[in-house]
Amino acid sequence: MEKSLLVVLALVVLVGVGSQWLAWRLRVPAIVLMLVAGLLMGPVFGVISPTQHFGPLLQPIVAAAVAIILFDGGLSLNLHELREAGPGVRRLVLLVAPISWILGGLAGHYVAGLAWPVAFLFAGILVVTGPTVIMPLLRHARLQPRVASLLKWEGIVNDPLGALLAVLVFEFLTVAHTAASLGEASMRLLITVAVVTVASLLIGRGLILLFNRGHAPEYLRSAVLLSVVLGCYVVANALYHETGLLAVTVLGMTLANGGLVGLAEVRRFKESLATLLVASVFVLLTASLRLDDIMSLDPRALVFVAVMLFVVRPASVWLGTIGAGLPWQERALVGWIAPRGIVAVAVTGLFAPALVGLGHTDASRLVPLAFAMVFATVILHGFSIVSLGRRLGLADTGGTSVLIL
């Protein structure tokens, strides 16, 4: 059993990292190859069965990996850079994201047939347009600087904030499950969020003082930080169910904006670790799908994906950028390009079983819906961004460029 488990674990890591390397060589989105690899290894050929091989360990492994991925996302959220990114990015974060959440929740309920709580939690997850997907597309498309900056910063900022929004919705559902009234549930949620946020801020400030004053040697910094992240996640979850994701996200944001010396080295280590975890988790979750899950994508699910692509995203961008001074060409491109990535699938895979445990049986449909959304957006947006950018006059059509150092 131990030997077979070790073989499966090594195979998952090898396939995940190998898919990313092959995607780099072929210049295609890595998530597409990881999706195909996971489907081939799991439901198609049955090479691995994560639920059978890992058993009760699968959920804690995914949870710990998602915690580190979200911490890495929070670590990339520099508020000073966000303030300097311009009004367009602020509109995408402060207006477009909430509008997308509301419209997505309505689509989830009326189109996909999800219950209201599940629909709005899933809509919060789908706000995320992860940088792990959008950055390779931008490198390939060679868009003009301003529109490329809009898409890049939206992905960087929305990655932790979208997941954080889903965490808050989940917390509310958890509290409401045991609370006597809506008012009591709201008050308990506010208290929980406040306590977790303040505790994470204090832990983050303590780490900054520890590192900046030289109380931890250079070679131990990454190990200490990883230990604190996992400890913070576990303790927060022990105090209140699933508040760990909120805690590690706030912790990452605190370190990113608190003047930590050597932040660049910490980011490099976390990016490498997050890349490994992203590849492994995505292959694991994809291989966990069953053919019945894939076949359960009925016409309503496909219509929901179409509505999210062709109605919710364009309408959110057009409404949220009114008066932002952006030309219609940029608004049209940004309104179409919104690929969902690995964070959306990972967070969905973490919350869906928990929602089913709370009595929301339709949450079992969320994982195949998330995969359908990721696959549709990555394929359609990945293969259309170049041609659309050229048609709208937003792509650099020149040949060789010169860089003067």
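The values are calculated or read from the model by the stated rules, or taken from the named source; none is laboratory data. Only a predicted model underlies this, so the values are computations on that prediction, with no experimental measurement involved. Reconstructed Cβ throughout: ideal geometry from the backbone, glycine too, with neighbour counts over all protein chains shown. All accessible areas refer to the heavy atoms of the entire protein, side chains included, with ligands and DNA or RNA removed. Shrake-Rupley method; radii C 1.70, N 1.55, O 1.52, S 1.80 Å.
Points to keep in mind about this one:
- Taking the inverse of the mean 1/r over every pair of distinct Cα atoms in the range 275-340 gives a Kirkwood hydrodynamic radius of 14.7 Å.
- Under the convention that each Lys and Arg Cβ holds +1 and each Asp and Glu Cβ holds -1, the size of the dipole of the chain around its Cα centre is about 880 debye.
- Within a Gaussian network of the chain (alpha carbon springs, distance under 10 Å), most fluctuating of Pro60, Pro314, Pro368: Pro60
- Sorted on the mean count of surrounding Cβ atoms within 10 Å across their residues, most packed first, peptides 340-353, 223-236 read 340-353, 223-236.
- Overall form of the range 163-293 per C-alpha gyration tensor (a/c, 1.5; a/b vs b/c): oblate
- Selection from Phe45, Ile203, Pro98 lying farthest towards where the dipole of the chain points positive, charges on Cβ: Pro98
- Extension gain, Thr51-Val224: 0.36 nm per intervening residue step, less the Cα-Cα distance, totals 59.1 nm.
- The chain: C-alpha pair distances exceeding 34 Å, %: 28 percent
- Of all accessible heavy-atom area on the chain, the percent that carbon and sulfur account for (1.4 Å): 69 percent
- Kyte-Doolittle mean at least 0.5 and Cα axial length at least 24 Å: DSSP H helices in the chain: 2-26, 58-75, 145-178, 182-212, 221-239, 263-288
- Extent along the principal axes, Cα only, for the range 1-113: 54, 37, 30 Å, with the longest axis given first.
- Heavy atoms of the protein chains alone define the surface here; on that basis the range 330-377 has 22 Å² accessible area per residue at 1.4 Å probe size.
- Inter-probe distance in nm under a simple model that places probes 7 Å from Cα toward Cβ, at Leu26 and Gln59: 3.5 nm
- Short-range pairs are left out: with C-alpha atoms under 8 Å and at least six residues apart, the relative contact order of the chain is 29 percent.
- Around Arg313: net Lys/Arg minus Asp/Glu count, Cβ-Cβ under 12 Å: +1
- Neighbour-limited loop hits for trypsin sites (Lys or Arg not before Pro), the range 187-273 (at most 11 other Cβ within 10 Å; DSSP other than H, G, I, E, B): Arg213
- Full extension of the chain between Val13 and Glu271 yields a length gain of 91.3 nm, computed as 0.36 nm times the residue separation minus the alpha carbon distance.
- Distance in nm between pseudo-label sites at Leu291 and Leu239 (7 Å out along the Cβ direction from Cα): 4.8 nm
- Gyration tensor verdict on the range 56-157 (Cα atoms; rounded if a/c is under 1.5, prolate if a/b is larger than b/c, oblate otherwise): oblate
- Here the Kirkwood formula, the inverse mean of 1/r across different C-alpha pairs, assigns the range 260-405 a hydrodynamic radius of 18.4 Å.
- Note: relative contact order over the range 198-266, using C-alpha pairs below 8 Å and six or more positions apart, is 48 percent.
- From its DSSP helices (H runs of at least four residues, each -39,500 (n - 2.57)), the chain gives a residue-normalised ellipticity at 222 nm of -24000 deg cm²/dmol.
- Spin-label pair Val44/Arg391, simplified geometry with 7 Å Cα→Cβ offset, distance in nm: 3.0 nm
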